[in-house]
Amino acid sequence: MGESSGSASFSVDVERISFGGKEHLVRTRCGSVTVAVYGDEDKPALVTYPDVGLNYLSCFQGLFFCPEAASLLLHNFCIYHINPQGHELGAAPIPCDVPVLSVDDLADQVADVLDFFSLGSVMCLGVTAGAYVLTLFATKYRERVIGLMLVSPLCKAPSWSEWLYNKLLLNLLYYYGTRGLVKECLLQRYFNKKVRGDAQYPESDIVQACKNLLDEKQGENIWRFLQSINERHDLTDSLRKLQCRTLIFVGENSEFHEDAIHMTAKLDRRYCALVEVQDCGSLVTEEQPYAMLMPMEYFLMGYGLYRPYQLSGSPRSPLSPCCISPELLSPESMGVKLKPIKTRVAVDF
């Protein structure tokens with residue numbers, strides 16, 4: 001299927017991108033994907049995967065632009081941002097004779113990317129559809145995932161209402177691209193109503209930026225990823241077999257809030273924590289990235305990974321040493337409601 005029948009992969013193009021990263025076009029057994037690499041490749045790997053219609057810039061820029069996230073994540077990891085096929089900036093339409101990939105194909109692509117970069121076990125960070133792909137990857141290749149950080153994840157097969165809604169959206173994408181109603185449906189998928197704007201609230205800058213990026217996307221490429229996700233299978237029975245620690249974020253106003261609650265209930269409670277972000281939609285990484293920082297730091301402490309305190313300088317930082325109460329770093333604190341977050345399930349590290 002796709003461009004190569006073998007499992008071997010290779011880079012056919014490398015170019016410099018912003019902030020010193022490199023973008024590689026990696027051929028896999030199921031076609032080519034672009035992977036943007038940031039940081040020291042001798043460090044442990046953090047693999048990211050975005051939601052439908054987004055790439056690594058539009059999905060993770062808000063999080064990685066936080067100075068605290070840069071010091072926490074880039075200090076400890078080399079970041080490998082995987083873009084779904086055709087979702088990278090300037091992507092051409094995927095030819096119509098190229099088969100649509102299944103979700104298992106997408107998970108296998110992740111394995112091929114790891115093989116290309118000679119990566120062993122990795123940490124994963126995914127958003128909604130991307131969270132599903134990385135969770136599926138973790139169930140198929142358990143020895144290759146040391147931890148999951150999931151944002152508004154999916155794990156069940158789509159309900160009839162979601163399946164029908166996506167079918168309507170797929171038809172609109174096919175005929176009209178990302179204009180008009182399609183764009184509004186995608187923005188509703190990503191963002192809280194307040195951020196999208198109405199008569200009472202102005203539209204936020206992040207929504208406007210996302211609109212501009214969607215204007216540049218090829219509708220048929222988004223159609224392919226959404227089609228794959230709309231045919232996904234239920235991962236519930238596989239979740240108990242996962243041995244890696246899992247940190248789940250979900251906005252209280254996310255369309256996928258119920259899915260995140262379901263997933264948390266099915267995972268081994270000894271290795272899972274759920275963080276609900278108040279007044280937020282699904283795309284927590286863009287809408288309220290600062291709400292993710294302290295739970296992420298606490299989560300990574302379980303791996304012996306820390307943020308270098310000397311790099312902290314933002315007065316807004318929830319990770320600054322003077323702002324961290326020792327009792328907030330205890331497991332017992334994970335049941336306490338915090339603003340703008342609340343946590344519901346304790347992690348036993």
Solvent-accessible area per residue, Å², over region 118-266 with all protein chains present [probe radius 1.4 Å] | 43 Å²
When the convex hull of the C-alpha atoms of region 64-198 is computed, what volume per residue in Å³ does it have?
-> 161 Å³
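Taking square-rooted eigenvalues a ≥ b ≥ c of the alpha carbon gyration tensor, is region 231-277 rounded, prolate or oblate, where a/c under 1.5 means rounded and, failing that, a/b exceeding b/c means prolate?
oblate
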Three principal axis lengths of region 159-216 [C-alpha, angstrom, descending] = 32, 26, 16
Violating pairs (Cα-Cα greater than 22 angstrom) within the set K22/K211; K167/K217; K193/K266 | K22/K211; K193/K266
Residue farthest toward the positive end of the dipole of region 104-226, with Cβ of Lys/Arg at +1 and Asp/Glu at -1: which of F117, C155, A107?
-> C155
Extending each Cα 7 Å along its Cβ direction at D279 and D237, get the distance between those two points in nm, one decimal.
-> 4.4 nm
Where a ≥ b ≥ c are root eigenvalues of the Cα gyration tensor, a/c under 1.5 meaning rounded, otherwise prolate if a/b exceeds b/c and oblate otherwise, region 262-304 counts as oblate
Ignoring ligands, DNA and RNA, what percent of the 1.4 Å accessible area of region 66-174 is carbon and sulfur?
-> 60 percent
Taking square-rooted eigenvalues a ≥ b ≥ c of the alpha carbon gyration tensor, is region 192-270 rounded, prolate or oblate, where a/c under 1.5 means rounded and, failing that, a/b exceeding b/c means prolate?
-> oblate
How far apart, in nm, are two points set 7 Å out from the Cα along the Cα-to-Cβ line at H75 and at L89?
-> 2.8 nm
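The values are calculated or read from the model by the stated rules, or taken from the named source; none is laboratory data. All values derive from a computational prediction rather than experimental measurement. All Cβ positions, even for glycine, are placed from backbone atoms using ideal geometry, and neighbour counts span all protein chains on display. Remember, those area values only see protein heavy atoms, side chains included, never the ligands or the DNA or RNA. Shrake-Rupley method; radii C 1.70, N 1.55, O 1.52, S 1.80 Å.
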